[in-house]
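Taking it in order: structure first as structure tokens, then the write-up.
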Amino acid sequence: MTHRREHLAVPPASVIRALPAIGKLMITAKRAGATHERIGSIEAVTIEDGWLVCSGAEHDSRIDASQIATVIVDRTSIMGDQAYPRIDFIDGAGEALFSVVGFGGLAPFDAALVEFGAGEPLPEKPSEPRGERPEVDPADPGARPFNLAKDTSAAVSISFSRKGFWQNWTGQVEKVNPAMGFINVMRPDFHLHLRANTVADWRRTTTAGGVTIDEALDGAGEPTGLVVRGLETAAVPAE
């Protein structure tokens with residue numbers, strides 16, 4: 001038996017190890033205006049230096065399971081005829097450290113979790129009103145490294161981190177789409193949604209090998225966890 005929304009009182013690491021059985025899914029995490037999403041099938045879950053590593057052609061995530069206090073399963077999301085069941089991995093502060101959304105409906109999702117049995121039923125979360133989504137200023141500094149990557153056709157890595165979680169994507173930025181209050185980079189296996197007016201500047205450093213590292217900074221000059229690596233310092237726009 002399963003519940004539409006429930007608390008799974010099982011070790012978070014056990015649930016994470018079961019994720020490959022879900023098939024196509026999204027690992028999503030957010031902080032300081034950035035939402036970083038990887039989409040596809042997890043091919044393996046391994047351990048490196050105490051971190052659980054979700055890997056594959058479409059995934060590159062590292063998770064410190066000791067930072068997860070609660071695992072909540074939510075089967076209430078339905079869009080059209082398709083269910084998008086979700087697992088929220090909650091940290092000690094009550095925030096979602098990261099979440100997993102199944103893209104194949106309920107059958108593979110429930111089959112992957114069946115070994116854990118039914119959890120403690122929870123009330124359904126009320127729908128949250130959508131906040132204001134202003135137009136994105138073309139000069140918003142948040143878009144700067146993504147526009148440069150698009151214009152130069154440079155291969156870049158876009159990573160996101162918060163305490164207990166790190167995720168990365170590497171590829172070419174084909175388009176930067178400012179819409180609905182966000183700066184968006186969309187690829188089949190990766191979505192970045194960066195809220196307008198949340199990045200005040202970028203701090204650039206260059207490695208000894210000439211690889212640039214751009215760290216997003218908030219209004220107080222503090223790193224937000226969003227990092228772009230690989231832009232060449234003397235990049236020439238593609239014709």
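Within the range 141-149, is there a residue that is at pLDDT below 95, within 22 Å of Leu226 (Cβ to Cβ) and either part of a loop (DSSP other than H, G, I, E, B) or β-branched (Val, Ile, Thr) (or both)?
Checked against the condition, which is being at pLDDT below 95, within 22 Å of Leu226 (Cβ to Cβ) and either part of a loop (DSSP other than H, G, I, E, B) or β-branched (Val, Ile, Thr) (or both), the range 141-149 yields no hits at all.
Evaluate the range 188-196: report whether one residue or more is more than 29 Å from Gln67 (Cβ to Cβ) and either without any contact (Cβ under 8 Å) to a residue 60 or more places away in the chain or among the hydroxyl-bearing types (Ser, Thr, Tyr) (or both).
no
Across the range 205-227, what is the number of residues that are in contact (Cβ under 8 Å) with a residue 12 or more places away in the chain, out of contact with any Lys or Arg (no Cβ under 9 Å at 6 or more places or on another chain) and among the β-branched types (Val, Ile, Thr)?
Within the range 205-227, residues that are in contact (Cβ under 8 Å) with a residue 12 or more places away in the chain, out of contact with any Lys or Arg (no Cβ under 9 Å at 6 or more places or on another chain) and among the β-branched types (Val, Ile, Thr) number 2.
For the range 150-178, how many residues are surrounded by 22 or more Cβ atoms within 10 Å (Cβ to Cβ) and under 18 Å from Thr224 (Cα atoms)?
5
Of all residues in the range 80-104, how many are surrounded by fewer than 20 Cβ atoms within 10 Å (Cβ to Cβ), over 20 Å from Pro123 (Cα atoms) and not small (Gly, Ala, Ser)?
Residues flagged as surrounded by fewer than 20 Cβ atoms within 10 Å (Cβ to Cβ), over 20 Å from Pro123 (Cα atoms) and not small (Gly, Ala, Ser) within the range 80-104 amount to 3.
Name the one entry in Ser61, Ser77, Ser41, Ser55 that is open to solvent by less than 30 Å² (accessible area, probe 1.4 Å) and either among the β-branched types (Val, Ile, Thr) or within 19 Å of the chain's Cα centre (by Cα) (or both).
Ser61
Got at least one residue in the range 6-22 being surrounded by 18 or more Cβ atoms within 10 Å (Cβ to Cβ), in contact with a strand residue (DSSP E or B) (Cβ under 8 Å, 6 or more places away or on another chain), under 16 Å from Trp166 (Cα atoms) and not β-branched (Val, Ile, Thr)?
no
Can you confirm whether Ala112 is open to solvent by 70 Å² or more (accessible area, probe 1.4 Å), within 24 Å of Gly40 (Cα to Cα) and of a type outside the set (Val, Ile, Thr)?
Working: open to solvent by 70 Å² or more (accessible area, probe 1.4 Å): no; within 24 Å of Gly40 (Cα to Cα): yes; of a type outside the set (Val, Ile, Thr): yes.
Against the criterion (open to solvent by 70 Å² or more (accessible area, probe 1.4 Å), within 24 Å of Gly40 (Cα to Cα) and of a type outside the set (Val, Ile, Thr)), Ala112 does not qualify.
Given the range 26-128, what strands (runs of 3 or more DSSP E) lie entirely inside it while holding 1 or more residues that are over 30 Å from Ser157 (Cα atoms)? Give the steps one after another, and end with the answer.
Numbers: elements: 34-41, 44-48, 51-56, 59-63, 68-74, 86-91, 96-102.
Those strands (runs of 3 or more DSSP E) span 68-74.
Would you pick out the residues in the range 2-20 that are among the small types (Gly, Ala, Ser) and touching a residue at least 60 places away in the same chain (Cβ under 8 Å)?
Ala9, Ser14, Ala18
Residues in the range 179-196 that are farther than 15 Å from Val156 by Cα and either at pLDDT below 95 or open to solvent by less than 20 Å² (accessible area, probe 1.4 Å) (or both): how many?
7
Given the criterion farther than 22 Å from Lys24 by Cα and without any contact (Cβ under 8 Å) to a residue 24 or more places away in the chain, identify the matching residue among Arg130, Arg86.
Arg130
Out of all the residues in the range 182-235, which are among the charged types (D, E, K, R) and assigned to a strand (DSSP E or B)?
Result: Arg187, Arg195, Asp201, Arg203, Arg204, Asp214, Glu215, Arg229.
The values are calculated or read from the model by the stated rules, or taken from the named source; none is laboratory data. Quick caveat: nothing in here was measured; it's all calculated off a predicted structure. FYI the Cβ positions are ideal-geometry reconstructions off the backbone, even for glycines, and counts take in every protein chain you see. For accessibility, only protein heavy atoms count, side chains too; no ligands or nucleic acids. Shrake-Rupley method; radii C 1.70, N 1.55, O 1.52, S 1.80 Å.
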